[in-house]
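The values are calculated or read from the model by the stated rules, or taken from the named source; none is laboratory data. Owing to the predicted nature of the structure, the values given are computational and were not obtained by experimental measurement. Neighbour counts run over all protein chains shown; Cβ positions are idealised from the backbone, glycine included. SASA here: full protein model, heavy atoms, side chains in, ligands and nucleic acids out. Shrake-Rupley method; radii C 1.70, N 1.55, O 1.52, S 1.80 Å.
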Amino acid sequence: MAAVLPYNDENIELAASSVRAGAVVAFATETVYGLGADTFNESAIGAIYQLKDRPTRNPLIAHVIDLATAKRVAEGWSRRSMKLVSACWPGPLTLILPRHRAVPPAAAGGLDTIAVRSPGHPLARSLLYAVGGPLSAPSANRSGGVSPTTAQHVASDYREHTDLMVLDGGPCNLGIESTVVDLCESRPVVRRLGVVTIERLTELLGPVEVETPTEQSASPGSAMRHYAPRLPAALATHDELSAMLATGTPAAVLMFSESDIDPRHTRLDMPGDGDGYAARLYETLRRADASGCERIVIELPPQHHGVWGAIIDRLRRATSV
Ligand code: TXA
Ligand code: MG
């Protein structure tokens, strides 16, 4: 089992010196757990891809403590990028900008652009401070799987990697990944929906485009099937739910309406507010996988505004075949 370490000064120092020596460590952020390594160490970056079994074309996010460090990673700090930084950092917003030439292309999946974000979680910030430089970190799940929102999720995904350190910052309070905004186009393009909503970005920047996912997506990590549980999973509107549960095998059902369901199914109640739903989503998908049921049915939230947009995007990908 990977080693889960409590959050204290000693363990932050231990992890930071491992990172400086080229190791990969897992750590809490406010969105999901990340698997981080020194952005400037090409072989450490290679180790992240290998550990996750991630296609090497899928670029990573560089995590930074502050704007000065961000400027070592990316160039082209336009007025609109500065506006987003002052309004949303530290926090769940990732910017895509031209890659600084000092950054190895491997840290950006070979692209000339790079994603950069300053996380708000105290554990992530202590680690970045102790490392003294940027940490490239994808979500700490196996490629394509459900992102981890607790240290125990990471430890169980990397059960056989006994030397992997997992810094335990408790359950992630946001629970879904950061919003990714590409500032390299004439108009800002949202490459991944997240906790920072389209409404908020529009308020800050004016009109933004939202990328529609395709296999040729400019954000290679936006493949349609993603965030997927192991069991077959389907979405159902409230009206479709009873027909979908009337026949077929026992299902783990993520639902927030109070309707009764047949007792051969396992009911997993979800919060009715968007922030609460997001915070519980991945943990609940993992519980559904472990429930002993043969399939997952997810009641489609009726609302689409605010954080629900990002939630519905995740649900569509998790249930895409
Ligand atoms: O909340 C988060 O962003 C978490 C935590 C750990 O910070 N990280 C995360 O990383 O979700 P990852 O690697 O799982 O997702 C990064 C997304 C992918 O969809 C990737 O394709 C996209 O950002 N991305 C990264 N760099 C890019 C670039 N240069 N151009 C376009 N898309 C990029
Ligand atoms: Mg990911």
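Residues in region 174-216 that are closer than 22 Å to Thr31 by Cα, among the polar types (S, T, N, Q) and surrounded by fewer than 15 Cβ atoms within 10 Å (Cβ to Cβ): 1 in all. Looking at region 141-152, is at least one residue modelled with pLDDT of 95 or more, within 11 Å of ligand 1 (Cβ to nearest atom) and in a strand (DSSP E or B)? No, there is no match, as no residue in region 141-152 is modelled with pLDDT of 95 or more, within 11 Å of ligand 1 (Cβ to nearest atom) and in a strand (DSSP E or B).
Give the residues of region 275-307 that are in contact (Cβ under 8 Å) with a residue 24 or more places away in the chain, out of contact with any strand residue (DSSP E or B) (no Cβ under 6 Å at 6 or more places or on another chain), open to solvent by 10 Å² or more (accessible area, probe 1.4 Å) and not in a loop (DSSP other than H, G, I, E, B), sorted by residue number. The answer is Asp275, Ala279, Arg280, Glu283, Arg286, Arg287, Asp289, Val307.
Selection of region 55-84 for residues being within 19 Å of the chain's Cα centre (by Cα), under 21 Å from Asp112 (Cβ atoms) and either of a type in the set (Asp, Glu) or crowded, with 21+ Cβ neighbours inside 10 Å (or both) yields Pro59, Leu60, Ile61, Ala62, His63, Val64. Exactly one residue among Asp168, Asp157 is charged (D, E, K, R), open to solvent by 10 Å² or more (accessible area, probe 1.4 Å) and within 16 Å of ligand 2 (Cβ to nearest atom), and that residue is Asp157.
Of all residues in region 1-21 being within 19 Å of Pro104 (Cα to Cα) and in contact (Cβ under 8 Å) with a residue 24 or more places away in the chain, which is least open to solvent (accessible area, probe 1.4 Å)? Quick ask: steps written out before the conclusion?
Of the residues in region 1-21, the ones within 19 Å of Pro104 (Cα to Cα) are 19-21.
Then drop every residue that is not in contact (Cβ under 8 Å) with a residue 24 or more places away in the chain, which leaves 19-20.
Numbers: Val19: 1, Arg20: 123 Å².
So the residue we want is Val19.
Pairs linking a residue in region 166-186 that is closer than 24 Å to Met82 by Cα to a residue that is of a type in the set (Asp, Glu), with Cβ atoms under 7 Å and 6 or more positions apart or on different chains, are Leu174/Glu30. From the list Glu30, Glu75, Glu13, the one residue that fits, being at pLDDT 95 or above, in the same structural domain as Val154 (by TED's automatic domain parsing) and within 16 Å of ligand 2 (Cβ to nearest atom), is Glu30. Determine, yes or no, whether Asp163 is farther than 19 Å from Asp66 by Cβ, in contact with a helix residue (DSSP H, G or I) (Cβ under 9 Å, 6 or more places away or on another chain) and among the acidic types (Asp, Glu). Spelling it out, it is not the case that Asp163 is farther than 19 Å from Asp66 by Cβ, in contact with a helix residue (DSSP H, G or I) (Cβ under 9 Å, 6 or more places away or on another chain) and among the acidic types (Asp, Glu).
In this structure, Ser136 qualifies as within 14 Å of Pro59 (Cα to Cα), within 15 Å of ligand 2 (Cβ to nearest atom) and among the small types (Gly, Ala, Ser).
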